[in-house]
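The values are calculated or read from the model by the stated rules, or taken from the named source; none is laboratory data. Since we're looking at a predicted model, the values are computed, not measured. In this analysis, Cβ positions are derived from the backbone assuming ideal geometry, glycine residues included, and neighbour counts consider all displayed protein chains.
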Amino acid sequence: MPKQFKITTETGRLDKVISQLDSTMSRSQAKKLIEDGNVTVNGGTEKPKYEVKVSDTILIHDVQPKRIDLTPENIPLDIVYEDNDVIVVNKPQGMVVHPSAGHPDHTLVNALLYHSPLSSINGEYRPGIVHRVDKDTSGLLMVAKNNQAHQELSTQLKAQKNLRQYVALVHGVIKEDSGVINAPIGRSPRDRKKQAIVADGRPAITHFTVVERFKHYTLVNCRLETGRTHQIRVHMQYIGHPLVGDPLYGPKKTIKGHGQFLHAQELGFEHPKTHELMIFTAPLPPIFEKTLTTLRSTDLSEP
């Protein structure tokens with residue numbers, strides 16, 4: 001059945017209003033629905049930038065999930081937890097989360113499909129994926145095995161009820177023991193491959209705490225309050241402490257590894273069916289631990 005909303009207070013851009021009315025939907029998802037003709041306003045179609053007015057009637061039509069035509073691949077998975085509704089997986093550094101134009105296979109999704117059925121509401125190429133991390137970021141991800149679980153986990157994510165804590169090694173010595181970075185993030189106007197701090201970007205908040213200081217580097221915990229693309233990488237660069245090994249936002253002279261030293265170490269959420277609070281942790285990858293051990297004896301002051 002289509003979802004119908006009679007506007008009484010919410011006004012603004014149509015895509016923004018829809019994401020506010022439906023807590024399971026992001027603004028980008030709402031925009032795509034509108035562009036695909038699956039949203040009507042007062043019986044007619046409008047563009048995403050249409051300004052919603054009080055008394056408008058918005059109808060969100062049912063969208064049939066596209067057939068998932070991906071090849072399940074027998075790729076080993078580090079599964080931290082699994083039941084009938086969710087999987088918590090520890091993604092290795094270097095693995096892409098879902099297929100895209102440049103990465104058609106050998107992704108986490110290909111491996112997950114071989115292992116288990118997944119939810120189908122997040123598009124043809126991202127079944128089960130509630131949130132993602134970059135290719136060169138390691139660590140914990142929650143994956144939905146059915147649509148009900150996916151909707152519940154997405155709602156929690158949007159309401160910022162999840163715990164997502166990362167460990168990062170950054171350039172320079174951070175003097176403060178802790179801090180909050182509150183700076184909006186959007187696509188860089190100079191380089192479409194990058195995100196940047198832009199005035200009209202989406203709100204982004206990162207909390208950081210210093211774990212260990214070296215002569216030229218700092219190990220920090222970063223807790224996400226929001227989840228923008230490349231958020232930690234952009235925010236740490238913004239305060240003058242880019243991630244070690246970051247090929248996009250970091251300096252060329254850096255400690256060699258396999259991409260940035262960023263690990264999603266802790267993940268917490270309310271179980272979509274039992275509503276039990278669940279918290280998981282994943283140890284640092286061997287290359288991360290080895291680098292820290294080396295730093296403690298030499299600081300790698302001349303990488």
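Lys252 - would you say it is assigned by TED's automatic domain parsing to the domain that holds Lys193, closer than 21 Å to Gln93 by Cα, modelled with pLDDT under 95 and part of a helix (DSSP H, G or I)? So Lys252 fails the test. Screening the candidates Arg187, Arg192, Arg223, Arg213 for the property of being farther than 21 Å from Asp136 by Cβ and surrounded by fewer than 20 Cβ atoms within 10 Å (Cβ to Cβ) yields one hit, Arg213. Of everything in the range 262-279 that is of a type outside the set (Val, Ile, Thr) and in contact with an Asp or Glu (Cβ under 8 Å, 6 or more places away or on another chain), the residue that is farthest from Cys222 (Cα to Cα) is Lys273. Among the residues of the range 172-224, the ones that are part of a strand (DSSP E or B) and among the acidic types (Asp, Glu) come to 1 in all. Assuming Val167 fulfils every condition listed in (1) closer than 30 Å to Arg213 by Cα; (2) among the β-branched types (Val, Ile, Thr); (3) outside the structural domain of Phe288 (by TED's automatic domain parsing) apart from one, which condition is it? Unmet condition: (3).
Residues in the range 73-93 that are under 17 Å from His106 (Cβ atoms) and in a strand (DSSP E or B): how many? Break it down stepwise before answering.
Step one: list which residues in the range 73-93 are under 17 Å from His106 (Cβ atoms), which gives 73-78, 89, 91-93.
Then keep just the ones that are in a strand (DSSP E or B); that gives 89, 91.
Of the residues in that region, 2 qualify.
If I filter the range 267-276 for residues that are among the acidic types (Asp, Glu) and either within 30 Å of Asp85 (Cβ to Cβ) or assigned to a helix (DSSP H, G or I) (or both), do I get at least one hit? Yes, that holds for at least one residue.
Select, from His106, His131, the only residue that is touching a residue at least 12 places away in the same chain (Cβ under 8 Å), in a loop (DSSP other than H, G, I, E, B) and within 27 Å of Thr226 (Cα to Cα).
On the way: His106 fails: within 27 Å of Thr226 (Cα to Cα).
Result: His131 is the single residue among His106, His131 that is touching a residue at least 12 places away in the same chain (Cβ under 8 Å), in a loop (DSSP other than H, G, I, E, B) and within 27 Å of Thr226 (Cα to Cα).
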